[in-house]
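Here's the structure, in structure tokens; my notes come after.
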Amino acid sequence: MIAAVIIVAAVAVFAVLKDDGEETVGLEGTPWRAKAVSRSAVPPPYVAAWDRARNRADCALLFPLDGGSALPGAKPSEEKTPDDNGWDIFLTSDAGTVEVLGLFGKTSKADRPAFTRSWADGSVAEYGADVGNGAPGIDDYSNSSPFEAVLTLPDQACAYRIYTTLGKEHLEYLFGRLRLMRS
């Protein structure tokens, strides 16, 4: 009976804050490890960007399923990267923009990371306010500043840059909405 209670408690607590302030999430909480999305179900602009990318063999397409209630009516789009070395996708509405960029090497780091989040599969996100693109005078870590993250997945050779104009809470929401395309 006691063992069953301990197991249930352990299963219920998959996200814990470690002493160093780094959040760790259990494998069940690693959204991109959910069933990959079929190519035909991925927005066509995302697929087009990935198809063009020179790094597609070792940098899987990671994309947001949606922007949530903060980005109503958001539309997917894409842009070319320099020499098509990677891919750059966007989700945009009148409320703001989300960008996911698969271009940089795995050792790429966030410009000013203030937060780190790790998942049981070995994925790590370092993130912080993108004060260079915030409103003048904004240099805090609240939702008043755009936020960016660098996310590394252990089985991918690239680092993913994830950017949102809608702040920290939205970026953390996006972590839960990221999926890989099944190629």
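The table below lists the values:
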| item | result |
| --- | --- |
| Modelled FRET efficiency - R0 22 Å, Arg52 with Arg182, Cβ distances, 0.05 increments | 0.75 |
| Net charge of Cβ neighbours under 13 Å - reference Thr165; Lys, Arg +1; Asp, Glu -1 | -4 |
| Length-normalised contact order of the stretch 22-98 in % [C-alpha pairs under 8 Å, at least 6 apart] | 28 percent |
| Ranked by how many other beta carbons lie within 10 Å on average, peptides 156-165, 65-74 from highest | 156-165, 65-74 |
| Cα gyration tensor shape for the stretch 33-131, rounded if a/c is under 1.5, else prolate or oblate | rounded |
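Read-outs: derived from the displayed coordinates by stated rules, not from any lab. Small disclaimer: the values here were computed from a predicted structure and weren't measured. Positions of Cβ are generated from backbone atoms using ideal geometry, with glycine treated the same way; all protein chains shown enter the neighbour counts.
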